[in-house]
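The next block holds one structure in the form of structure tokens; read it before the comments.
The values are calculated or read from the model by the stated rules, or taken from the named source; none is laboratory data. Worth saying up front: this structure is predicted, and the values here are computed from it rather than measured. Every residue, glycine as well, gets a Cβ built from its backbone with ideal geometry; the counts of neighbours run over all protein chains shown. For accessibility, only protein heavy atoms count, side chains too; no ligands or nucleic acids. Shrake-Rupley method; radii C 1.70, N 1.55, O 1.52, S 1.80 Å.
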2 protein chains.
Amino acid sequence: MTLSTETSTAKSTDSLTSAAPAEPRGKDSSTRPKYTLLAPVDGASLAEALDGPFHAIKQRWRDEVQAEEILRDPGMGMDEARQWAFEAMRNLSEKSFITAGFPSSVGGTGSHAESVANFEMMAMGDLSLTIKSGVQHGLFGGAITNLGTDWHHERFLPGAISCELPGCFAMTELGHGSDVSSIETTITWLPESGEFEVHSPTPGATKAYIGNAAQHGRMAAVFGQLWVDGSCEGVHTILVPIRDEAGEPLPGVTPGDHGHKGGLLGVDNGTIRFDHVRVPREMLLNRYGGVDENGVYTSPIKNQNARFFTMLGTLVRGRICVGGGAASATRRSLSIATRYALRRTQFRKPGLGEEITLLDYLTHQRKLLPNVARAYGYGFAMNEAAQALQQVMEANASGQHDDRSSRALETRAAALKAAQTRWANDTIQVCREACGGAGYMSANQMTLSRQDADIFATFEGDNTVLNQLVAKGLLLDYKRNWGEMDMRGTAQATAKMVGSAVLERTVARTVLERITATATRLSEPDLVASRGWHLEMFEERERHTVEGLARRMRNAAKLPKEEQYEAISLVGEHMLFAARAHTERITLEAFINGIEQTKDANSAALLNKVCDLFALSSIEQDKGWFLEHNRLSPARAKLVSGGVDILCGELRPHALSLVEGLGVPEAWLRADLLEMVDPDVDEQ
Amino acid sequence: MTLSTETSTAKSTDSLTSAAPAEPRGKDSSTRPKYTLLAPVDGASLAEALDGPFHAIKQRWRDEVQAEEILRDPGMGMDEARQWAFEAMRNLSEKSFITAGFPSSVGGTGSHAESVANFEMMAMGDLSLTIKSGVQHGLFGGAITNLGTDWHHERFLPGAISCELPGCFAMTELGHGSDVSSIETTITWLPESGEFEVHSPTPGATKAYIGNAAQHGRMAAVFGQLWVDGSCEGVHTILVPIRDEAGEPLPGVTPGDHGHKGGLLGVDNGTIRFDHVRVPREMLLNRYGGVDENGVYTSPIKNQNARFFTMLGTLVRGRICVGGGAASATRRSLSIATRYALRRTQFRKPGLGEEITLLDYLTHQRKLLPNVARAYGYGFAMNEAAQALQQVMEANASGQHDDRSSRALETRAAALKAAQTRWANDTIQVCREACGGAGYMSANQMTLSRQDADIFATFEGDNTVLNQLVAKGLLLDYKRNWGEMDMRGTAQATAKMVGSAVLERTVARTVLERITATATRLSEPDLVASRGWHLEMFEERERHTVEGLARRMRNAAKLPKEEQYEAISLVGEHMLFAARAHTERITLEAFINGIEQTKDANSAALLNKVCDLFALSSIEQDKGWFLEHNRLSPARAKLVSGGVDILCGELRPHALSLVEGLGVPEAWLRADLLEMVDPDVDEQ
């Protein structure tokens, strides 16, 4: 990269220095900001930067997959949509677009990280197709890959990959969703016949919301409590055939159909109930525990709790994918809404008669551009998460399992999943509304995305539960770093260490030093525009929140047992905020890393401004917290809001390149509204 | 009302006094709040209080309308849904449930205010049905009623009411939505034949998103520029037959079908293009302007601009209804999600083994209960708006038109429409997610509501545009009250007048005096719990924002003409905030009035606590603003958040009554999930 970070930071600083505060005081008559001119950048260069290490694999999708292969007619009814999704999945599988993440011995054609990149691309098309494949290849295929051994791989993975063996991932039950350890399905060892018996002992034990269960599934990876010789070995997974070749349910298996849903009509979610179904001993996915020919239970992990979390841990890829998929759908809507806003006129300039485009309004810029900025941030964070996943999976495969990296990855997956899926729901809706009535027409491609993405907020882990998991991870790190020190002592110690080792950083130390060194030399308004200050604010938000949380948890622990529950319940919101603060910080750091790795200087300069907008709009969003905790003075808070306004104006001329850079192929947008408005108006 | 406001305020004060701040400082070991016990209240009493003056009319719906008549199967495809909505509408019309708001001479059976109440009830069932009737009775029938004269009433209203004459309201065009004055359709007087010619001169002039246009409509109330003798008299409305008895388009009329939409599948939205279509002179709705037998244009309102706004002003009912309808759908989702949360268990209490319901979690309470509180606030505000509508319409009918009341009503309608529809989109989604995967199943009734309510945010006025309209209304009031005074002088003057005549109040002076008198006697933490302080905070938020806005507009006006546009564009966000601040205040005042009028003492006491939650959660939401403007100290901000936590806990035992009080008949909920979970668990 030829243009250093300082240079581009300095640029954005210039612009903010001349900023009018959001609400100018006194007689200041010049409230118009001066816009900084940045060199125009080609959308393709930005896409290359954002794709990062996955550019080649993502570009293959753009070059080779036609819109017809990946877009569903939004008017399709449920039956039609289910059939379309199945066939579209088989087609992409045949062309090896979605065959990464499996052992190459059975037809796998790429790394785990690449399977995430594929998922992200698919989700720029249709989410039913994406989730259908997510169930088939990610969950069903992933369970066999990660929880099974060679015997299972050889027999079942080729069919899982090619879709000749459509499969289910039967974990959730009617009675228990988020609390997997309490599921009631039983897998009982029958020593007399050398088989397992799979059974749903209560109505609440019925498997529920299972993709592929209502129609296409032939086999299910069933989670249940393993009973051997009268003792429960905890949750294990077993492969159970559920339908014959003709699609008829097998004896003892009762599938149900959830029918019409709020979206994802192409995925045939259903229930499965088992009535004393017998399967051979070998069908148990026995990588982390199985019963040998002598009927003896053995496991490489002795502790039942540790075993449970190791097994669940192998499923982390699905969580990473779901977050990225939601972000892809959002990129698509942002691409449509921004292009529309560049063409659509509404009122005329008062007194001038000239019609202005929607994107000329600051209120409209503020709806879209900070979200475009955030899309870049999450994109870079996803690249890092996919690479981290690859490292953990490789370490596991080579027997180098590292508990700390695994848990860090789980925290990151949970954080990014919760953040991106929440953002997707909110932002696709913003895009729809930004297109007015036109946005509501299914032909304009946003309402289908919105409906399909909806469930992402609660499947693969409910977002509230996931954020609590993140907060617990942060507390654990905190405890590890600070041990059982007295709390007053801790507070004093940390006060001295702001910006040092309290948080685990992902940005290289040399980069950080360069950034913070710049920040300390700056005057007040320049500071608000500087990356060093942004980082400091993001870190403070996380550090202070986690510290406070640790203190409250410690106080709660001192209470009588029966009062602890109540006290811990009261910190719920605090936990959610800590998780969010953490996710914001790792996203900013990923953004910084992404810019560092951008080779094209003009792209890097523009991305740096986009990062400014991400950072300032994040601080603005939490203005209340920063003010409440004296991390922001009222005057600075106004500079922050003014800075967001100015950055929106500065990025306005680059809007088309910026959405092109989000990497959704133009042919895949296929929104009628991009054809019908003002065809004689240029897009800039 | 036997229990005075003071008594119940005092109650909530007690509870907050003992509040732990959201994040306790130092060694405070007792972080558990003490819950105040309120007498249990019957849901029916709360519903009666919330229905207010419309209790009888609303109760008739609950008693007489069966679920089958008002609920649509969410799995219906578009064609089926369209047919169902038409027939359901005709059925309710035959039973006189939706015939209010028309002259009794032609079959009307109630006041304008009652038509709003009917709309709200219908929207507790199905929104496609509601909007279908809104188009037919509210818009098409309303245009004839309000813009037409006896000739039109006698000929067309009976068919409009009975649905024998399905009609369209053809205002919006492809090229122009929010900017009605720029529509391009022409209505040209042809002196030679004594007819009008209706024409779409450009593709952009095509009428778009018109309900009833794609399939059922036989006639349209068409908005266009009236041309007489070569001069344009501005926008007028004319009735144009568009289809014959067999449903075939009439010559010169080209209807189109928007096809599948993001929701409201039961409404057949389409386009209409006119190619020199001739209609008799009498078809022009001529209450505010027409052409006489001699071909001379006459109007009771000489000024073209004033005439335009008077004509648009008569359509205010639709805007009031849409806001209320969105709120009704939200009440339905809140009723379902809260009942589910009272039954559904997730994890067990750590260490105790006892499973706890979702609503026992503070994080879950915080998702639902502040929204339940807000539902009450909006409900009381809707009652006031409906009554204000009635007064304005009666004044108009008796020739007592008051410009100021009309404009105040328009501001209020825009404010409540924007606020309630935004809230509906967000809150129905919260409810869906609060039910996890079950919430996503169409049988559980929330995703359909969400999809149908979506468009409410942008139809009948885009929310951003409406909020700007509200802000302009507030600026106008401000200017009227403060004239052209020097700004410094104004600032000083207003500083002395906090809480006095700057804002137009709707709460009776005696009530206000009682409330503020109580507030001034209170110590710091008691203050945060007191209604007087709430009111003061709500007023400050609005007053300061409007004042700042006035100053910025005045500064912008001093700039050279070509720079003004840019400067005004920069105040966009400020305008939106002012509108929101205003809406929050009038909602709080309506809540206070509603409690004043509640006869049952226990209901009033409970509603008072619900109002506390509404007020504190509103302040909490805008914490950033209050802190930034020194209206809240960090310590008080924490008391506010702690107060929300405590109030959630206090209202938890009343949750079922509170959602029953929202007035959605239990039989209309019809959500599968209320049957399937833990039938042995009591609801409390």
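Among the residues of the stretch B:58-115, the ones that are more than 14 Å from chain A (Cβ to nearest Cβ) and in contact with a Phe, Trp or Tyr (Cβ under 6 Å, 6 or more places away or on another chain) come to 2 in all. Restricting attention to the stretch B:415-437 and to residues that are basic (Lys, Arg) and open to solvent by less than 10 Å² (accessible area, probe 1.4 Å), the residue that is nearest to the other protein chains (Cβ to nearest Cβ) turns out to be B:Arg432.
Taking the stated definitions as given, is B:Arg404 over 30 Å from A:Thr172 (Cα atoms), at pLDDT below 95, open to solvent by 20 Å² or more (accessible area, probe 1.4 Å) and assigned to a helix (DSSP H, G or I)?
On the way: over 30 Å from A:Thr172 (Cα atoms): yes; at pLDDT below 95: yes; open to solvent by 20 Å² or more (accessible area, probe 1.4 Å): yes; assigned to a helix (DSSP H, G or I): yes.
Yes; evaluated as a whole, the condition is true for this residue.
Looking only at the stretch A:433-480, residues that are polar (S, T, N, Q), touching a residue at least 40 places away in the same chain (Cβ under 8 Å) and either touching a strand residue (DSSP E or B) at 6+ places or on another chain (Cβ under 8 Å) or not in a helix (DSSP H, G or I) (or both) come to 3 in all.
Remark: A:Glu192 matches the filter, which requires a residue to be out of contact with any strand residue (DSSP E or B) (no Cβ under 9 Å at 6 or more places or on another chain) and farther than 30 Å from A:Leu92 by Cα. Do we have any residue at all in the stretch B:151-161 that's over 24 Å from the mean Cα position of the chain (by Cα) and closer than 17 Å to B:Gly234 by Cα? No, the conditions are met nowhere in the stretch B:151-161. Among the residues of the stretch A:601-647, the ones that are not charged (D, E, K, R) and not in a helix (DSSP H, G or I) come to 4 in all.
Matching residues to (1) closer than 25 Å to B:Leu469 by Cα; (2) at pLDDT 95 or above:
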site	(1), (2)
B:Gly177	yes, no
B:Glu197	no, yes
B:Pro203	no, no
B:Thr206	no, yes
B:Leu239	no, yes
B:Asp244	no, yes
B:Lys261	no, yes
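Residues in the stretch B:148-164 include none that are at pLDDT below 95 and either over 20 Å from B:Gly323 (Cβ atoms) or touching a His at 6+ places or on another chain (Cβ under 8 Å) (or both).
If the condition is being touching a helix residue (DSSP H, G or I) at 6+ places or on another chain (Cβ under 6 Å) and either of a type outside the set (A, V, I, L, M, F, W, C) or more than 14 Å from every other protein chain (Cβ to nearest Cβ) (or both), then the stretch B:557-585 contributes B:Gln564, B:Ser569, B:Gly572, B:His574, B:His582, B:Thr583, B:Glu584, B:Arg585. If only residues of the stretch B:660-684 that are at pLDDT 90 or above, among the hydrophobic types (A, V, I, L, M, F, W, C) and not in a loop (DSSP other than H, G, I, E, B) are counted, the one that is surrounded by the fewest Cβ atoms within 10 Å (Cβ to Cβ) is B:Ala667. Within the stretch A:438-453, being open to solvent by 10 Å² or more (accessible area, probe 1.4 Å) and over 19 Å from B:Ile210 (Cα atoms) holds for A:Gln445, A:Leu448, A:Ser449, A:Arg450, A:Gln451. Restricted to the stretch A:628-640, and to residues there that are within 9 Å of chain B (Cβ to nearest Cβ) and surrounded by 24 or more Cβ atoms within 10 Å (Cβ to Cβ), the residue that is nearest to A:Lys609 (Cα to Cα) is A:Ala637.
Give the residues of the stretch B:187-230 that are touching a residue at least 40 places away in the same chain (Cβ under 8 Å), polar (S, T, N, Q) and over 13 Å from B:Arg281 (Cβ atoms), sorted by residue number. If the condition is that a residue be touching a residue at least 40 places away in the same chain (Cβ under 8 Å), polar (S, T, N, Q) and over 13 Å from B:Arg281 (Cβ atoms), then B:Ser200, B:Thr206, B:Asn212, B:Gln215, B:Gln225 are the ones that fit.
Out of B:Thr298, B:Thr271, B:Thr310, one residue alone is over 22 Å from B:His199 (Cβ atoms) and either under 30 Å from the mean Cα position of the chain (by Cα) or open to solvent by less than 50 Å² (accessible area, probe 1.4 Å) (or both). It is B:Thr310. Looking at A:Asn305, A:Asn294, just one residue is outside any helix (DSSP H, G or I) and of a type outside the set (Gly, Ala, Ser), and that residue is A:Asn294.
Within the stretch A:175-185, is there a residue that is surrounded by fewer than 19 Cβ atoms within 10 Å (Cβ to Cβ) and over 28 Å from the mean Cα position of the chain (by Cα)?
yes
Residues in the stretch B:186-221 that are of a type in the set (D, E, K, R) and open to solvent by less than 30 Å² (accessible area, probe 1.4 Å): B:Lys207 only.
Taking the conditions exactly as written (more than 14 Å from every other protein chain (Cβ to nearest Cβ), in contact (Cβ under 8 Å) with a residue 40 or more places away in the chain and farther than 30 Å from B:Thr464 by Cβ), does B:Leu651 satisfy them or not? Spelling it out, B:Leu651 is indeed more than 14 Å from every other protein chain (Cβ to nearest Cβ), in contact (Cβ under 8 Å) with a residue 40 or more places away in the chain and farther than 30 Å from B:Thr464 by Cβ. When residues in the stretch B:591-614 are screened for being in contact with a helix residue (DSSP H, G or I) (Cβ under 7 Å, 6 or more places away or on another chain), among the charged types (D, E, K, R) and open to solvent by 10 Å² or more (accessible area, probe 1.4 Å), 2 of them pass. Does the stretch B:305-316 contain at least one residue that is farther than 21 Å from B:Gly661 by Cα and within 12 Å of another protein chain (Cβ to nearest Cβ)? Within the stretch B:305-316, none of the residues are farther than 21 Å from B:Gly661 by Cα and within 12 Å of another protein chain (Cβ to nearest Cβ). Checked against (1) modelled with pLDDT of 95 or more; (2) within 15 Å of B:Thr145 (Cβ to Cβ); (3) not acidic (Asp, Glu), B:Met311 passes all but condition (1).
The residues of the stretch B:183-221 that are within 14 Å of chain A (Cβ to nearest Cβ) and in a strand (DSSP E or B), listed by number, are B:Lys207, B:Ala208, B:Tyr209, B:Ile210. May I ask you to say which residue of B:Ser657, B:Ser617 is within 28 Å of B:Ala329 (Cβ to Cβ), touching a Leu at 6+ places or on another chain (Cβ under 7 Å) and open to solvent by 10 Å² or more (accessible area, probe 1.4 Å)? Of B:Ser657, B:Ser617, the one residue that is within 28 Å of B:Ala329 (Cβ to Cβ), touching a Leu at 6+ places or on another chain (Cβ under 7 Å) and open to solvent by 10 Å² or more (accessible area, probe 1.4 Å) is B:Ser657.
The residue that is farthest from the chain's Cα centre (by Cα), counting only those in the stretch A:354-364 that are facing another protein chain (nearest Cβ under 9 Å), touching a residue at least 24 places away in the same chain (Cβ under 8 Å) and open to solvent by less than 40 Å² (accessible area, probe 1.4 Å), is A:Leu362. Among the residues of the stretch A:438-468, the ones that are farther than 21 Å from A:Met76 by Cβ, of a type in the set (Val, Ile, Thr) and facing chain B (nearest Cβ under 7 Å) come to 2 in all.
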